[in-house]
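The next block holds one structure in the form of structure tokens; read it before the comments.
Bear in mind that the values in this text are calculations on the coordinates, not laboratory data. Quantities reported herein were computed from a predicted structural model and do not represent experimental measurements. Here the Cβ positions follow ideal geometry from the backbone for every residue, glycine too, while neighbour counts run over all protein chains shown.
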């Protein structure tokens, strides 16, 4: 089996946000997978990964919650790879993987809870967790993607926004920063690579891994609005028409605080916000509706039509 | 100026004299500002151990005070009083009263992990911020922050059902923190949401608020998680000597 084949059929872990506010990310990820001939098998009866909130209450409970998802994929579905499009889920599964391999106390707690909950304990190394970016990059690659493009994204200037959880902290992502071909934690480029293959023009965007304040989007909204406003303005000043996102929390944070900045600070930044899977889907010839553009709060329908997309 | 001398130059600790001669030298005026003598006697020698007993604070003893955390900090960039390096210093020194001056902003850490990424000593400053915020709350120095309320509402729902349904979590959070849900920007957001959403999606979301999504056969996992949380809570209370704190408070009231 080649590396490419390994990623052609993966366990799909959408997570809670993709069933709610991130629904268009869910829709577009599945649509892109289908258009590329990739097979997504949803993790059976999954639970929340624990997110940041459970980690704050008790990090080991978050480790347990994430381990249960990986245990189901490995032990009940016999899958080797779990793909999580949400940065939060992806981060937490990676963190659980790291903790279970390196911290015996975490492993003991997870074993105790798994036994009480009545399922097999997840053993570190049973599955490989990847992000939707890794999935397309590994299973199809830039060349494969470029061959399949029907509507080039040419003329669309994109600021690629990766957020916090995709690259930080470094130690939970041992496969990153491994030289050419691997993802960089300081200057991530997988999304840039994929969108460039689809014809988009990536702008030089300095806030790729800045924080949108997603952790306190509701509990400290003023801070989040300031942070989001920085990101929106920097993207605009970099010459971008669109901010491409890869995380439902970042995406809805940008959308929400774009409006909040308008209403509370009187600052309007006219920039479109789309999931990278929505852009890729349209480049592959899918209709805007098929990739859920109408479900975004930030309205980009007219913008896309003018550029012959959707 | 060394970070630990910051408090020396607060306005209330500085004096200038209109008219003062010392040993025949005129030291009047702004050019010879005096720093008040400071004597610190109220060190809390168990402060570092208490923070280290809470999740996230375990590695605080490793800090070398290089300042990479504060230099990388997202929140520090918009509020210079938000200074992880300084707080770690105060905790390690046991300078509780200095730490308490910043008690109302420590919870504002956004967990972006830039500090943890930059830290050369694996202190995990992000975790230390969480531990410190929890310490302040559990010791009764501050009310529960909005962030803690959110974490609790969120965790309760997961323990109960295994999954999160966002609108339910939001409504519970707003009601627990006594905020109105219908803020102007929120109304505008919902308006724009409704613009593009097809009826099917609306019905689905409506249904989700009535029938929360849940993980099947969750009850034994739920019980195991709750048992663990309670057990840890009790352990932490002991590490923070909360029972003695309550006892002292009772005696104070009685006296």
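Of note:
- Degrees separating the helix A:23-35 axis from the principal Cα axis of chain A, which is the longest one: 90
- Extension reserve of the residue B:8-residue B:245 stretch, reckoned as 0.36 nm per residue once the Cα distance is removed: 82.3 nm
- Placing a label point 7 Å from the Cα of residue B:20 along the Cα-to-Cβ direction, the residues of segment B:26-61 whose backbone N falls under 14 Å from that point are B:26-38.
- Computed over chain B: relative contact order in percent, which uses C-alpha pairs under 8 Å that are six or more apart: 16
- Protection-proxy order for peptides A:240-252, B:242-254, each taking the mean of Cβ atoms within 10 Å per residue, highest first: A:240-252, B:242-254
- Fewest neighbouring Cβ atoms within 10 Å first, the residues B:6, B:114 line up as B:6, B:114.
- Per-residue mean of C-beta atoms belonging to partner chains within 10 Å, peptide B:159-165: 5
- Of all DSSP beta bridges in the protein assembly as shown, antiparallel share, percent nearest 5: 15
- Principal semi-axes in Å for chain A [√(5λ), Cα gyration tensor, largest first]: 31, 23, 17
- Each peptide in B:53-60, A:176-183 was scored by the mean count of other Cβ atoms within 10 Å over its residues; highest first, the order is B:53-60, A:176-183.
- Applying 0.36 nm per residue to the separation of residue B:43 and residue B:28 and subtracting their alpha-carbon distance, the gain on full extension is 1.9 nm.
- Compactness relative to 2.2 N^0.38 Å, alpha carbon Rg of segment B:47-142: 0.94
- Averaging 1/r over each pair of different alpha-carbon atoms in segment A:3-131 and inverting the result gives 14.7 Å, the Kirkwood hydrodynamic radius.
- With one equal scatterer per alpha carbon and no solvent term, the Debye-computed log10 I(q)/I(0) for segment A:151-306 at 0.12, 0.15, 0.17 1/Å reads -0.50, -0.78, -0.99.
- Counts of other chain beta carbons within 10 angstrom of each beta carbon in peptide A:28-38 average 0.
- The angle between the Cα long axis of helix B:242-254 and the main principal axis of chain B comes to about 70°, on a 0 to 90 degree scale.
- Taking every residue in B:104-113 and counting other chain Cβ atoms within 10 Å of its Cβ, the average works out to 6.
- Segment A:5-62 and segment A:178-220: distance between their alpha carbon centers, rounded to Å: 19
- Choice from B:98, B:227, B:36 showing the highest fluctuation, given a GNM over chain B with Cα pairs closer than 10 Å: B:36
- Spatial separation of Cα centroids for segment B:71-104 and segment A:87-158, in angstrom: 34
- For segment A:151-306: relative contact order, % (alpha-carbon pairs under 8 angstrom, 6 or more apart): 25
- With N as its number of residues, the protein assembly as shown has a Cα radius of gyration that, divided by 2.2 N^0.38 Å, comes to 1.04.
- Value of [θ]222 nm, deg cm²/dmol, for chain A, DSSP H segments ≥ 4, -39500 (n - 2.57) each, nearest 500: -13000 deg cm²/dmol
- When chain B is reduced to its Cα atoms, the Kirkwood hydrodynamic radius in Å: 22.3
- Relative packing of A:298-308, A:257-267, A:153-163, which averages over residues the other C-beta atoms within 10 Å, highest first: A:153-163, A:257-267, A:298-308
- Estimated FRET transfer efficiency when R0 is 30 angstrom, pair residue A:76-residue B:223 (beta carbons, to 0.05): 0.90
- Rg and Dmax of segment A:44-90, based on Cα coordinates, read 10.8, 32 Å.
- Residue order for B:124, A:276, B:150, fewest other beta carbons within 10 angstrom first, comes to B:124, B:150, A:276.
- Chain B: angle of helix B:146-161 to the longest principal axis, Cα-based, in degrees nearest 10: 30
- Computed from Cα atoms alone, the Kirkwood hydrodynamic radius reported for segment B:144-195 is 12.0 Å.
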